[in-house]
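No value in this document is a laboratory result; all are computed from the given coordinates. All values reported here derive from a predicted model rather than from experimental measurement. Glycine gets a Cβ as well: all are built from the backbone with ideal geometry, and neighbour counts include every protein chain shown.
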Amino acid sequence: MNFEVSDKMKTIIGMIGEFVDRELIPMEQDFLSKPLKSLQPEIERKREMVKKMELWAPNHPKEYGGMGLDLVEHALVSEALGRSPLGHYVFGCQAPDAGNIEILNLFGTKEQKEKYLRPLVDGKIRSCFSMTEVDMPGSNPVMLETTAVKDGNDYVINGQKWYSSSADGSEFAIVMAVTNPEAQPYLRASMIIVPTNTPGFNLVRNISVMGHAGEGYFSHAEILYQSCRVPQTNLLGPEGHGFVIAQERLGPGRIHHCMRWIGICNRVFDLMCSRAVQREISAGKTLATKQIIQSWIAESAAEIQSARLMVLHAAWMIEKVGASAARKEISLIKFMVAGIMQKVIDRALQVHGGLGMTDDTIISFFFRHERAARIYDGADEVHKISVAKRILKEYETKKVK
Ligand SMILES: Cc1cc2nc3c(=O)[nH]c(=O)nc-3n(C[C@H](O)[C@H](O)[C@H](O)COP(=O)(O)OP(=O)(O)OC[C@H]3O[C@@H](n4cnc5c(N)ncnc54)[C@H](O)[C@@H]3O)c2cc1C
């Protein structure tokens, strides 16, 4: 077993760490207090700097302008970028574009790749992924109601979606819709590329989430598809293979998210420890002298370290045996890391007292924003049930003495 990080990755991570500290963390007060639109020119300047440093789109294919890092390498990058909410976006590897890039690269036609994939990797346009519906359980996506019906050379899409993250300002959506209602449940839906300027693509609102509707990249939209007509050539991959393609998207995506969450844990852990050694709580005694705080720090350190190793191991498994054979490992990290992050952020907030509740530190943003980690990409309970079923199945045939 080799835990060593290659020289190449040490250099890349070092450069990213410096950039995040020097260029992105100082932007956070503005990020927390001003409209995103007013920061966009500055964000674009930072993106240009990243391109000049040749660190743009670390996980995306080389032939489209990315660095082509493998999954374990990008996991380390994602951790380094996770320290700032702007990290992934400024380096051109943000969700949901990252997942859309992956499936366009795997399943897109030559024309789709030129029209959508190339400018997406280049950061010239953004996209969203439109699967979850208002009235149907996202946890059981075979129950989709949105339909795409063939008419001449087109598909006509009707349905109501929400939580289409970053739809505001996106050039296109990849929409999951039922095309084959008579097929078996997992072969009923297809993925279809829908330009957002298509008549019948109606962005109803950016949903207010924990008090913030957000805007642009940092938002989640409700979208009404009303007789939204696109050519059949916009089908991504084979018809009825929407769920097969979705599986491809979710394995690596969970590694990216989990390592981003570890980056968040590292950041708030730093803030917690730094506050603990500075905050005098009685004459000559800081918070750091209190055993209960020491216990939180030790527990957080152990949890972050164990979560980090689990995610790197899962990434390594996906590289070795593929996402399907690593399903257990992927489910384990998904609920485990989301839960650890929530605990660590909460402890960091508590150590900061009233300051932790304000937007004078980044902790409250992470507290609010990252609660969703236990819901999207499969709720905790869904992953736990799936892991437990897999484990228990082994015991149906295993003789235990
Ligand atoms: C911030 C955020 C961003 C998102 N981004 C996107 C996006 O870009 N595109 C997109 O299409 N969707 C997105 N989603 C939607 C997300 O994928 C769904 O919210 C998720 O799949 C859960 O579906 P649901 O909300 O319909 O909850 P439901 O399916 O109604 O489940 C509700 C709760 O029930 C419990 N539960 C579910 N199934 C079981 C079970 N079998 N046994 C026991 N308990 C269970 C879980 O606790 C779950 O949280 C996003 C969601 C959030 C919060």
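Which shape class, rounded, prolate or oblate, goes with the stretch 7-121 when its Cα gyration tensor gives a ≥ b ≥ c as root eigenvalues, a/c under 1.5 marks rounded, and past that a/b bigger than b/c marks prolate?
oblate
Can you give the extra length, in nm with one decimal, that the chain gains between Gln247 and Tyr186 once fully stretched, where that is 0.36 nm per residue apart less the Cα-Cα distance?
That works out to 20.8 nm of additional length.
Which aspartates and glutamates have a Cα lying under 18 Å from the Cα of Lys150, excluding residues fewer than 8 positions away in the same chain?
The reachable aspartates and glutamates, counting only those whose Cα sits under 18 Å from Lys150, are Glu182, Glu239.
Calculate the FRET efficiency for Gln40 and Lys384 from the Cβ-Cβ distance with a Förster distance of 60 Å, rounded to the nearest 0.05.
E between Gln40 and Lys384, to the nearest 0.05, is 0.90.
Please list, or write none, the lysines whose alpha carbon is within less than 21 Å of the alpha carbon of Lys285, excluding same-chain residues fewer than 8 places away.
Within reach: none.
For the chain, modelled as a Gaussian network with Cα springs under 10 Å, which listed residue fluctuates most, Arg249, Arg22, Arg260?
Of Arg249, Arg22, Arg260, the most mobile in the Gaussian network model is Arg22.
For the stretch 244-396, would you read off the P(r) tail past 20 Å as a percentage of all alpha carbon pairs?
53
Between Asp30 and Ser324, how high is the FRET efficiency from 1/(1 + (r/R0)^6) when r is the Cβ-Cβ distance and R₀ = 41 Å? Nearest 0.05.
0.40
Does the stretch 348-401 classify as rounded, prolate or oblate by the C-alpha gyration tensor (a ≥ b ≥ c root eigenvalues; a/c under 1.5 gives rounded; else a/b over b/c gives prolate, otherwise oblate)?
prolate
Measuring from centroid to centroid over Cα atoms, what is the spacing of the stretch 42-66 and the stretch 270-320 in Å?
32
Which pairs in the list Lys320/Lys389; Lys8/Lys384; Lys320/Lys401; Lys34/Lys115; Lys51/Lys328; Lys10/Lys37 are over 27 Å apart, alpha-carbon to alpha-carbon?
Pairs exceeding 27 Å: Lys8/Lys384; Lys320/Lys401; Lys34/Lys115; Lys51/Lys328; Lys10/Lys37.
Between Thr109 and Asp70, what length comes free when the chain is fully extended (0.36 nm per residue of separation minus the Cα-Cα distance, one decimal in nm)?
11.7 nm
Given R₀ = 41 Å, FRET efficiency for Thr11-Arg205 by Cβ-Cβ distance, to 0.05?
Step by step, r from the Cβ atoms, then E = 0.40.
Please list, or write none, the lysines whose alpha carbon is within less than 20 Å of the alpha carbon of Lys113, excluding same-chain residues fewer than 8 places away.
In chain and number order, the partners are Lys62, Lys124.
Calculate the spin-label point distance for Met1 paired with Ala213, positioning each point 7 Å from the Cα along the beta-carbon direction, and give it in nanometres.
Output for this residue pair reads 5.1 nm.
Given Cα pairs under 8 Å that are at least 6 residues apart, what percent is the relative contact order of the stretch 244-396?
Normalised by residue count, the contact order of the stretch 244-396 is 28 percent.
In what order do Arg126, Arg368 fall by count of nearby beta-carbon atoms within 10 Å, going from fewest to most?
Arg368, Arg126
Just report the Cα centroid separation between the stretch 201-262 and the stretch 110-160, whole Å.
One Cα centre to the other: 7 Å.
If you line up the long axis of helix 7-19 against the longest principal axis of the chain, both from Cα atoms, how many degrees apart are they, to the nearest 10?
The two axes meet at around 80 degrees.
Starting from the exponent 0.38 and prefactor 2.2 Å, build the expected Rg for the stretch 127-236 from its residue count and divide its actual Cα Rg by it.
Ratio of Rg to 2.2 N^0.38 Å for the stretch 127-236: 1.02.
Need one number for the chain: average projected area of the convex hull over its C-alpha atoms, nm².
22.8
Are there GluC sites (Glu not before Pro) in the stretch 1-47 that DSSP marks as loop and that have at most 15 other Cβ atoms within 10 Å, and which are they?
For GluC sites (Glu not before Pro) across the stretch 1-47 that sit outside H, G, I, E and B with at most 15 neighbouring Cβ atoms in 10 Å, the list reads Glu4.
At a 10 Å Cβ-Cβ cut-off, how would you order Lys110, Lys389, fewest neighbours first?
Lys110, Lys389
Which order results if Leu81, Leu36, Leu309, Leu24 are arranged by neighbouring Cβ count within 10 Å, fewest first?
So the ranking, lowest neighbour count to highest, is Leu309, Leu36, Leu24, Leu81.
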